[in-house]
1. State the volume of the convex hull built on the alpha-carbon positions of the stretch 67-128, expressed per residue in Å³ and rounded to an integer.
2. Can you give the accessible area per residue of the stretch 19-128, in Å², using a 1.4 Å probe?
3. By a straight-distance test (C-alpha under 12 Å), which aspartates and glutamates pair with K87 as possible cross-link partners, with residues fewer than eight away in the same chain excluded?
Amino acid sequence: MLKKSLVIAAVVAPVVVVSAIAQQAAIKRTPLQTVDFPPGFTTVTGIAEVPAGSCAGRHTHPGIEASYVMEGPLVVKIEGKSDQTLKAGESFQIPANTVHDACGVSGSFKVLATYVVEKGKPLASPAP
């Protein structure tokens, strides 16, 4: 029973944290898959849709993010790097624990994101 509760908590916790961040900017997030792999990590895949005139909000992940732009364009702002403008069909990666944000350029955008995060840690945390 305890193992089942821990599995449920591991699946629900990332969705709750992402939902809290999403509410700040009216982001629609669709979780697609959560897998406990590789050992010591959880891999989460989902789609994020950000409405026109909005940004995702500055945040970090306790692991890497690799994303594919499904609809765009958007500007990815990674702390310590130049802003990167991307369009549909392009991809980007964000190092672990790096403050970043993404904003629409001329409308809404949609990305397919894969996160490989330390097991037991929240998927995302807001950054100042």
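1. Hull volume over Cα atoms, normalised by residue count, gives 93 Å³.
2. Per residue, the stretch 19-128 has an accessible area of 51 Å².
3. Partners within reach: E71.
The values are calculated or read from the model by the stated rules, or taken from the named source; none is laboratory data. Because the structure is predicted, anything quoted here is derived from the model rather than measured. Ligands, DNA and RNA are stripped out before the accessible areas are found, and what is left, the full protein with its side chains, is counted by its heavy atoms. Shrake-Rupley method; radii C 1.70, N 1.55, O 1.52, S 1.80 Å.
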